[in-house]
Each structure stands twice: as structure tokens, then as C-alpha cells.
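Just below is one structure, and these are the notes that go with it.
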Amino acid sequence: MISVYKKLPSKPKVIICKMTPTFSGHHWFEEGMRENFKEIQAKIEEIAKTANVQLIDLHQKLYLFPEYFPDNLHPTEKGAKIIAQQTYSAITGNFGGLQLPLLFGEKMVLQRNEPIEILGIANTKDELKICFNQQEKIIKVTDKGKWKAVFPKMKAGGPHKISINSKLSKDITINEVYIGEVWLASGQSNMDWKVKQSKNAKTVLKDSLNNQIFLFSLDPTILKKGKFTDEEFSLINADNYLKPSGWSNTNKEIIENFSAVAYAFAYNLQKELKIPIGIVCNAVGGATTQSYISRNSLEKEHFGVNLLNDTWLNPMVDVWVANKIVENIGDKNKKGVRHPYDPTILFDAGIEPIKNYPFKGVIWYQGESNADQVKLHEKLFKMLIKDWRNQFNKPDLPFYYVQLTSMERPGWEFFRDSQRKLLSIPNTGMAVTLDIGNRTDVHPTQKWTVGKRLSNITLAKTYHKSIAYSGPLFDFVNVIDNKLEVYFQFSEGLKTKDNQSVKDIKIAGVDKVFKSAKSRIKNNILEVWHPSIKNPRYVRYGFSPYTESNLTNKSGFPASTFSNEID
């Protein structure tokens with residue numbers, strides 16, 4: 001067909017399109033549609049290359065807007081508008097002129113010791129002259145409106161200047177560009193918790209300001225009690241839900257409204273590394289793990305498809321989250337809207353726009369909104385890390401997370417132990433916070449301590465500094481007659497922080513009837529027993545939702561909740 005059109009007397013230009021997306025809510029999605037769709041899309045790309053014709057990608061952008069596909073197949077008027085814009089740009093070469101990605105701007109920080117990519121969008125046939133660090137590159141814009149210039153890796157420092165001169169658009173200059181370490185901070189409300197809300201906030205704002213720390217936040221446009229208005233619903237999409245702040249390093253008001261954990265983390269990193277630190281925060285209070293995972297990843301798994309297709313009181317979703325969605329939406333039959341806690345929405349709004357930025361690693365504080373479903377969370381958490389490592393094109397991207405704290409909520413002890421086991425994922429680390437929990441408040445205020453512990457993990461594991469970063473970490477158990485010997489990693493100086501006996505430790509036999517155990521510490525090994533249990537097999541420590549557990553080591557960091565039970 002393409003050949004026939006090309007041979008017409010008028011010699012038309014032939015452009016073909018990739019299909020608009022299909023979504024997992026379609027009743028045939030898992031009946032072969034998913035696989036057939038991907039196969040056809042790949043064939044279309046192959047045909048475009050073989051026939052040497054231009055290809056318009058109508059899939060990528062629209063894939064971020066499932067709300068524009070009420071039947072999971074055909075776009076609404078808003079979807080058609082995106083199709084029209086994509087087609088118009090491809091035909092005319094007008095992509096809106098010279099533009100830079102979301103995180104590019106004054107006072108930005110780029111990752112040191114990695115090739116530096118300066119990229120963006122411009123009109124087709126434009127030619128750009130990009131100057132950076134006394135080097136100049138001439139770049140021609142592709143027919144897809146994209147361009148990229150790659151400069152050699154650099155050591156930390158700055159400020160540097162980027163100038164981009166265009167033949168067809170207005171030039172862009174960024175006068176302050178720093179080279180240093182760049183981290184992403186993400187999660188839910190405990191990561192979003194502000195500096196000004198935290199314990200000792202006045203001291204932090206007085207004594208811990210540092211103009212070598214550069215902050216950028218992506219803040220939710222709507223998050224509230226009660227029913228959302230139609231205008232508020234219109235903001236909950238990939239383009240509008242998270243509002244960018246721009247970079248700042250000296251504005252006290254911005255700092256006091258920034259994530260306390262992320263700021264403490266960055267401050268302690270900068271104090272040790274003595275170079276510029278950039279920290280981007282896109283945390284949203286109450287957010288679920290699945291909100292931050294890409295649709296492409298969730299749609300590969302049956303349980304992910306179930307989460308995507310049923311967001312109304314789904315029993316796989318935390319009860320509080322499910323009820324909040326009902327409260328905010330109000331009507332199960334309301335079509336064409338998304339909720340901030342829906343699967344993929346925070347990926348679409350908060351990861352997709354920044355996935356080409358050169359992050360060194362991620363710090364993560366989330367789990368409260370997934371604690372009802374321990375096994376499901378394990379799958380989702382593994383999927384999240386794998387997904388982000390793929391998106392950021394860094395297979396070994398460091399991912400350091402905070403274990404849920406101690407609080408009087410049923411089941412949190414099992415969730416914490418599950419988080420401990422997730423340390424089996426390569427290149428991860430976990431900050432334990434049992435000792436700073438609050439019996440009734442999900443938001444403990446000692447956020448500086450949390451950020452400091454994350455920074456210690458990072459300095460030790462990513463920057464190879466000789467620094468303590470972990471309390472005793474359960475390793476294995478030996479059964480010796482009527483006692484259990486519990487061995488730990490990071491066991492040097494094993495002790496209790498109050499020099500009392502070990503608290504909240506229980507043992508059981510094969511019947512798994514747990515009883516409070518007696519204990520002693522000998523040669524950095526914890527011995528536990530109970531007079532009435534003659535053949536002990538299992539041990540639990542810190543296995544109360546709110547625990548006063550007191551085991552530590554010479555570093556002073558607390559031991560994690562643990563058990564040697566096999567799932």
C-alpha cells in the first residue's frame with residue numbers, strides 16, 4: 001500500500017502511525033489482545049523503517065491518559081486532541097519550539113562523573129548550538145522533534161553556564177548549573193512531612209541551612225477530605241497533578257516547606273561529601289506503591305491487571321485507601337476521572353517526566369498505605385524497584401528505604417518483617433525506625449534522625465565511606481538443647497540501649513505458640529529460652545505493632561523486627 005501511494009503522480013509524502021493504546025480494562029486484554037497489540041506495534045515500526053517513511057507515535061503520550069479511553073480502546077475528544085496535536089507536529093515539524101525537560105533550569109544539579117546529557121524538544125529542521133563547560137556542539141533536530149547533546153563527564157563544581165542557540169526559536173540560557181550528586185526522594189506522607197512540622201524545626205532552620213543543597217519538589221495540586229469538584233478532577237492527570245517548584249538553595253520558606261527527611265538526608269550527604277547535592281522530592285501523602293509503578297509493568301501481571309481494572313473498594317487495596325477513593329470520587333459510575341491513589345497515576349505524573357534525569361539513586365519512605373496486604377506489597381515493591389531501574393536506565397540504581405516505624409496498628413509487625421526480608425533485593429538498604437515511633441501517630445516527628453540514617457546507609461554503600469549504618473540485622477538461628485542462639489550481621493557490641501533485658505522477644509516450638517522469652521547476650525550472640533518450651537524452633541523480636549524493643553549494637557542503631565519463620 002505504501003509503495004502504491006508513493007508512486008502516485010503527485011508524489012505524496014507518506015506518514016504512518018503507531019496505534020493508540022489499548023488498556024487492561026478491555027475484556028479481551030488478557031485473552032491475547034495484549035500480546036497481539038505489542039506484536040502489531042513492533043511490525044508497524046519495522047514497516048516504517050523498511051519502507052523509509054515517517055512514523056508518528058500515537059501510543060506513548062496517550063498511554064499516560066487512560067481516563068481518555070472510557071471503553072479502553074477508543075479515545076474521547078480530549079484524546080483525539082492529543083492525536084491531532086501529535087499529527088500536526090509530525091506533518092508541519094512544529095513541536096512548539098525549543099524546550100527543555102522539567103528539571104532543567106536555574107540552579108539545577110547534574111550528576112558528577114557521568115556523561116552529561118543536555119536534551120529537549122525543538123522544531124524539525126532546527127539546528128542548535130549548545131555551549132557548556134567551554135565546549136560547543138552543533139545538533140540537528142530529528143523529525144520527531146527531539147535533540148540531545150552529550151558532553152564528557154565532569155567533577156563536582158559550579159556554577160557553570162548552558163547556552164542553547166536556535167535558528168528557528170528563542171534561545172535558552174541557564175546561568176547557574178552545578179555538578180554534584182543528585183537523588184530522588186519519593187513515597188507518601190512521612191516523606192512529604194515538612195521541615196517546619198518536624199521536631200526541632202527551628203534549630204534545623206537556624207543551624208542547618210546550606211547553600212550547597214539544591215531542592216526541587218513536585219507537589220500535588222489536590223489532596224483533601226470530601227468530594228473533589230469537577231475542576232479538581234481535571235487536574236488529576238499526567239500533565240497537571242504534580243506542580244514543579246523549580247530549583248532553590250537559599251529560600252528559607254521553600255526549605256521549611258520541603259521534605260524534612262529528604263533535607264536531612266541531603267544535608268548529611270553534603271556535610272560528608274562537601275559537594276553540591278541536588279534532591280528532588282515527589283512524595284504524595286497517602287500514596288500507594290502501585291501509584292508509582294508504570295502501566296507497562298503492572299499490565300504484565302494478572303494481579304497488576306486486577307489492581308488497574310478495579311479501583312472501587314478492591315479488597316487488595318488498603319481499607320483506608322479504598323475508603324478515601326470513595327470519599328473523594330463519590331460515585332462508582334463516574335467515568336473519565338482518576339484518583340491520586342490509583343495505580344500508575346504518580347508514575348505518569350511524577351516519574352515519566354523526570355526519567356531521563358541523571359539520578360544517582362532513590363530514597364523511599366512508603367508502606368503505610370499497603371500494610372494491609374503484606375504479600376501483595378512484596379510483589380509490588382520488587383516490581384517498583386525493577387521498573388524504576390529500567391525507566392532510569394540504571395540496572396543497579398541504589399534504592400534505600402525506611403522501614404515502617406512502631407505504631408499501634410494491627411499487622412504492622414508482619415509488614416516490618418517483610419520489609420526486612422526485601423533487603424534481599426540487590427543494592428538496597430533499610431533504615432530502621434522502631435525506636436522513634438509513636439503509639440498513636442502515623443507521623444513521628446523525628447525526621448532528622450530518619451534522614452540521617454538514610455544518609456549513613458548511602459555514604460557506606462554508595463560512596464564507600466567507613467561509617468556505621470546498621471543496627472543488628474538478623475542472620476540465622478542455632479538450636480542448642482532448650483535454647484535458641486540468634487546470630488546477627490552487624491553484631492559487634494551487641495547490647496540493649498538501656499542495659500535492661502531484651503524487650504519484646506518471644507519464642508515458640510513447632511506449634512508456634514509464642515511466649516515471652518528470657519534472654520542474655522554472650523559474645524555478640526543473643527541466647528533466648530523459656531522454661532516451658534523444651535524444643536524451641538522459632539523466635540520473634542519486635543513483633544508487637546507498637547514495640548519498645550531495645551536491642552542495638554555499638555553503633556547505637558536499633559535492630560529490626562525479625563522472625564525466623566518461613567512464609
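Read-outs throughout are calculated quantities, based only on the coordinates presented, and are distinct from any laboratory measurement. None of the values given here were measured: they were computed from a predicted structure. As a convention, Cβ positions derive from the backbone with ideal geometry for all residues, glycine included, and neighbour counts pool all protein chains shown.
Can you give the convex hull volume per residue for the Cα atoms of region 308-420, as a whole number of Å³?
115 Å³
Using Cα centres only, tell me the gap between region 29-87 and region 305-350 in whole Å.
24 Å
Using a simple spin-label model with points 7 Å from Cα along the Cα→Cβ vector, what separation in nm is obtained for M316 and L8?
Spacing of the two 7 Å Cα→Cβ label points: 4.8 nm.
If I model a spin label at E45 and Y463 as a point 7 Å from the Cα along the Cα→Cβ vector, what separation in nanometres do I get?
3.9 nm
Report, in deg cm²/dmol and to the nearest 500, the calculated mean residue ellipticity at 222 nm for the chain, where each DSSP H run with n ≥ 4 adds -39500 (n - 2.57) and the sum is divided by the residue count.
Values: 15 runs with 146 residues, N = 567.
About -7500 deg cm²/dmol.
When only DSSP loop residues count, what GluC sites (Glu not before Pro) in region 288-355 have their Cβ near at most 14 other Cβ atoms within 10 Å? Spell out each step's value before the answer.
Details: sites: E299, E301, E327; in loops: E299, E301.
Qualifying residues, ordered by number: E301.
Summing Lys, Arg as +1 and Asp, Glu as -1, what charge do residues with Cβ under 14 Å from the Cβ of R520 carry, R520 excluded? Before the final figure, lay out the partial values.
On the way: positive: K483, K495, K503, K518, K522; negative: E485, E527.
Here the count lands on +3.
Of the lysine pairs in region 2-92, how many meet both conditions: Cα atoms under 26 Å apart, and a spacing of 8 or more in sequence or different chains?
Count of close lysine pairs: 27.
So how strong a dipole does region 262-312 carry about its Cα centre when Lys and Arg Cβ are +1 and Asp and Glu Cβ are -1, to the nearest 20 debye?
Numbers: 4 positive and 4 negative charges, 57 e Å.
Computed about the Cα centre, the dipole is about 280 debye.
How big is the antiparallel share of DSSP beta bridges in the chain, given as a percent to the nearest 5? It would help to have the intermediate numbers written out before the result.
On the way: 54 of 83 bridges.
Beta bridges within the chain, antiparallel portion: roughly 65 percent.
For the residues R453, R295, R389, R520, what sequence is obtained by ranking on other C-beta atoms within 10 Å, fewest first? Intermediate values should be presented prior to the final figure.
Details: R453 28, R295 21, R389 18, R520 12.
Ordered from fewest to most neighbouring Cβ atoms within 10 Å, R453, R295, R389, R520 come out as R520, R389, R295, R453.
Using 0.36 nm per residue of separation minus the Cα-Cα distance, give me the extension gain between K137 and D71 in nm, one decimal.
Details: separation 66, 0.36 × 66 = 23.76 nm, distance 4.69 nm.
Contour length minus the Cα-Cα distance gives 19.1 nm.
Report the extension gain between N564 and K375 in nm, rounded to one decimal, defined as 0.36 nm multiplied by the number of residues separating them, less their alpha carbon distance.
66.4 nm
By average Cβ neighbour count within 10 Å, what is the ranking of 232-238, 177-183, 7-13, 166-172 from highest down?
Sorting 232-238, 177-183, 7-13, 166-172 by mean packing, highest first, produces 177-183, 232-238, 166-172, 7-13.
Percent of Cα-Cα pairs per 10 Å bin, from 0 to the last occupied bin, for region 167-284, please list those.
Here the calculated profile for region 167-284 is 12, 39, 29, 15, 4, 0.
Taking every Cα atom in region 372-425, find the radius of gyration and the maximum pairwise distance Dmax, and write them in Å.
Final numbers for Rg and Dmax: 12.5, 40 Å.
Between region 149-214 and region 463-518, how many Å separate their Cα centres?
Using only Cα atoms to place each centre, the spacing works out to 41 Å.
Taking the number of other C-beta atoms within 10 Å as the exposure measure, put D219, D348, D310 in order starting with the fewest. Spell out each step's value before the answer.
On the way: D219 17, D348 24, D310 13.
Neighbour counts put them in this order, fewest first: D310, D219, D348.
Below 15 Å, Cα to Cα, which aspartates and glutamates can K161 reach? Residues fewer than 8 away in the same chain don't count.
The reachable aspartates and glutamates, counting only those whose Cα sits under 15 Å from K161, are E106, E117, E136, D171, E176.
What is the magnitude of the charge dipole of the chain about its Cα centre, with +1 placed on the Cβ of each Lys and Arg, -1 on the Cβ of each Asp and Glu, and no other charges, expressed in debye to the nearest 20?
Working: 77 positive and 60 negative charges, 255 e Å.
For this selection, approximately 1220 debye.
In whole Å, what are the extents of region 58-145 along the principal axes defined by its C-alpha atoms, from largest to smallest?
The principal-axis extents, from largest down, are 53, 28, 20 Å.
Could you tell me what % of all Cα pairs in region 476-541 have separations over 13 Å? The partial results should precede the final answer.
Details: 1272 of 2145 pairs.
Summing the P(r) tail past 13 Å for region 476-541 gives 59 percent.
When the Kirkwood hydrodynamic radius is evaluated over all pairs of different C-alpha atoms of region 2-92, what value in angstrom, to one decimal, is obtained? Before the final figure, lay out the partial values.
Working: mean 1/r = 0.0693 Å⁻¹.
One over the average 1/r among Cα pairs gives 14.4 Å for region 2-92.
What is the local net charge at A238, summed over the other residues whose Cβ is closer than 10 Å to its Cβ (Lys, Arg +1; Asp, Glu -1)? Don't skip to the answer; put the middle values down first.
Working: positive: K61, R338; negative: E67, D239, D348, E352.
Value of the local net charge: -2.
Based on the Cα gyration tensor of region 213-366, what are the three equivalent ellipsoid semi-axes, each the root of five times an eigenvalue, rounded to whole Å and given largest first?
On the way: eigenvalues 193, 62, 36 Å².
Semi-axes from the Cα gyration tensor: 31, 18, 13 Å.
Check which residues have an amide H placed less than 5 Å from A185's amide H, if you skip close sequence neighbours.
It is V280, C281, N282, I363, by chain and number.
Given the pairs K146/K194; K194/K382; K153/K224; K155/K452, which span a C-alpha to C-alpha distance of over 32 angstrom in this model?
Numbers: K146/K194 37 Å; K194/K382 28 Å; K153/K224 44 Å; K155/K452 25 Å.
Beyond 32 Å: K146/K194; K153/K224.
I need L269, L119, L346, L397 ordered by Cβ neighbour count within 10 Å, fewest first. Could the numbers behind the result be given before it?
Numbers: L269 26, L119 16, L346 29, L397 19.
Lowest count first: L119, L397, L269, L346.
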